[in-house]
1. Among B:Asp37, B:Asp395, A:Asp214, B:Asp189, what is the fewest-to-most ranking by other Cβ atoms within 10 Å?
2. Using the 10 angstrom Cβ neighbour count as an exposure proxy, how do A:Ser220, A:Ser56, B:Ser105, B:Ser225 rank, fewest first?
3. At R0 = 56 Å, how high is the FRET efficiency between B:Ala173 and A:Leu184 if r is their beta carbon distance? Nearest 0.05 is fine.
4. DSSP loop chymotrypsin sites (Phe, Trp or Tyr not before Pro) in region A:75-138 with at most 11 other Cβ atoms within 10 Å of their Cβ, which ones?
5. Taking the Cα-to-Cβ direction at A:Leu279 and at B:Glu300 and moving 7 Å from each Cα, how far apart do the two end points lie in nm?
6. Expressed in nm to one decimal, what extension gain is obtained for the pair B:Ala337 and B:Asn71 from 0.36 nm per residue of sequence separation less their Cα-Cα distance?
7. Put a dot 7 Å past each Cα toward the Cβ at A:Trp223 and A:Phe168; how far apart are the dots in nm?
8. Which peptide among B:311-317, A:228-234, B:343-349 comes first, and what is the full order, when sorted by highest mean count of other Cβ atoms within 10 Å?
Amino acid sequence: MPSGALLFQSVILGLLLGGLYALLAAGLTLYFGIMRVVMIAHSAFLILAAYLAWWSHTELGVDPLLSMVVTVPLFFAAGVLLQRLLLARLRPVTLTMMSVLLTFAIAVVIEGLLGYVFSGTQRRIQLGYGSASLELFGARIAVVKLIAFGLAAVALLSLYLVMKKTAFGWALRATIQHRDAARLVGIDTDRVAGFGFGLGLATAAIGGTALSLDTTIYPSLHWHWIGPLMAIIVVGGLGSVPGAAAAAMVLGLAQSLLQIELGTTWAQTVFYIALFLTLAVRPQGFFGGRLAQRF
Amino acid sequence: MTIRTTKRTRWATAVGATLALALGACGGDEPEQASTDDPIVVGISLPLTGDFSEPGKGVQRGYEAWAKITNDKGGLLGRQIELKVLDDQSNADRVVADYEQLIGSDQVDIVVGPFSTRLVVPAARVAEEYGMLFVEPAGAAAEVFQQGFKNLFYAAPAVASDHYNHLAEYLLALPAGQKPTTVAYAAMDDPFAQGTAYGLKAKLEAGGVRTVVDEVYPPNTTDFSSIAAKIATSKADMVVGGSQYQDGVNLIVALQQLNYQPKLAAFSTAPTSPEFAAAIGNKTEGILSPTGYTQDAPYESNKEFVEKYTAQFGSPPEEDEANAYTTGQVVAAAITAVGCAEQGDCQKKLVDWVRANKVETVVGPLSWDETGKPQGAHMIQQWVGGEIKIVLPADAKETDVVYPKPAW
């Protein structure tokens, strides 16, 4: 039986990890909601953003957080272009399947370019506050992990407010819920879908920066991330942003706690077991999201 | 070129007179026997491309430095050394073909080993078949010495599981009150990295030191916070990392984030890297690491090696280069002592000599057991006052071990 201190520490680490998963999964589920697109390249963009943060810190000497000033708009624009120029051309009948192939290709291209430019060497940002931590009831919270969690929380909250409180958000949700009806009431669904895609990719820019603060990055790391993220959005209910966030917190916490008994290798399986169980018992997901039935 | 023509002539004579005549004409009137102006040809297959190309090139530089330094002093037995290097593309099938070619058709006088366990084992099998002495600069894993090779010698101070021997001895000799009582181990799932940590674990457990955490992580692990949490909450007196480079750095940072302050922290490989201090934000105080080679080692031939190598290549040698150089030193010592360097009976004499003798090298005096396993242990270095210094064994130390270590 693990000690109370270890359990408490693991809960904290799990919540911090879950926050990051939540942000990343939110973007991924958004693409599916808007367009029925399975975006395999989401985590490749995540690693790309992490590399840009690392590069700007190492080469330009600026704090990695500042790199977001450039990467967030850049990724938003890239998302809009990606949707308008590539994904919108896929035939609606085979869109979901073809989007897997297309975004798989994009992921491989990004990985290849990262390897070409930065080599396969593992990189890590060296921050002055990299090993600093705060104490909370005997447990320790690393400052960098707290910053990453804060970024994720702020980004998710902003996403929520955009979706709920702005005209664009209403149009986006209308497009997600019923594309034809949205068009009938005068929403330019193509434009909205493009912006929605940009929004999803912008979360990858923030997530990548958060990730770069405290882990090692290497070009093929995105394969390590896409599996858990896909599992999270299915468990959360495809297309549901709050569902993805909730599933991310639960699974992040579960992974962290299972590591105590099972070790790092086996704890990763929690995502896939949750995926199997969801598909077997409740294919539409546990937190809303009616879209999965049509998948 | 001339040597190869001569050798080929000799080989051809055995095969057929016609061919021998044709080649003999090309070879001119050179003597059939190896004479004093014939170079000693040393055959090597190295991974110059593919997975191991980086260390492979390091090993090549080490061999080149050895040939140049030896030749500048007049060579061996009055003969110059000539290297014949083939590229095996990091491929185990290729390495077999390479050594077949070097020994069988190129008729080199001596062969030395390639890089990495994966390539050393098949290469050694070929050398064994031809009865050639096989000194090798890499291949520290246990399996190398379980193949029953009779001609193989590993030219480094110790195999992975013996790297920490000096530290184990030091710790077990401490008085009861000071001796660490609990240890946490975390090792990469890799025969070399894990071998170092588990070698120390076996010795400390035998000496009554309790293991409280024993974690093995896959090589692609990037998040060490949960492993660190286990180690930190165990409050072990000592932490041992069976690490390569990046995982060691990540684990140390994760432990520091949790404010874990052990009495002693030992990690393989990572702490001896030039980028290490910057990578962990200079919080290096007291970290220990075994090292197979350091430019500061006080052994006599090492000063010459560092100086001349630096002049030749522009930067000081690292461990791969030093291991290759050591291999050269072992072969040279045997050739000088036995007085011959050619295929045939001479090889058996060389093998017997290496087996029975101790050789002074850039990594200290080396001797071997009957499987070719070196009998030494690695030096232990420690970060003291922002610099990494040799602390064990006592006869090579630059400063004393700092124990318990200061906070990091």
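1. On the way: B:Asp37 12, B:Asp395 7, A:Asp214 27, B:Asp189 15.
Placing the least packed residue first, the sequence is B:Asp395, B:Asp37, B:Asp189, A:Asp214.
2. With the fewest neighbours first, A:Ser220, A:Ser56, B:Ser105, B:Ser225 line up as B:Ser105, A:Ser220, A:Ser56, B:Ser225.
3. Details: r = 85 Å, r/R0 = 1.52.
Here the calculated transfer efficiency is 0.05.
4. Numbers: sites: A:Phe75, A:Phe76, A:Phe104, A:Tyr116, A:Phe118, A:Tyr129, A:Phe137; in loops: A:Tyr129, A:Phe137.
Sites meeting the loop and neighbour criteria: A:Phe137.
5. Placing both labels 7 Å beyond Cα along the Cβ direction yields 7.0 nm.
6. On the way: separation 266, 0.36 × 266 = 95.76 nm, distance 1.74 nm.
Between B:Ala337 and B:Asn71, full extension yields an extra 94.0 nm.
7. 3.6
8. Working: B:311-317: 13.0, A:228-234: 26.1, B:343-349: 16.0.
Highest-to-lowest ranking by the protection proxy: A:228-234, B:343-349, B:311-317.
Rule-based calculations on the coordinates, nothing more; no lab input. On a predicted model such as this, the values are computed, not experimentally measured, just so you know. Every residue, glycine among them, receives a Cβ derived from its backbone with ideal geometry; neighbour counts consider all protein chains shown.
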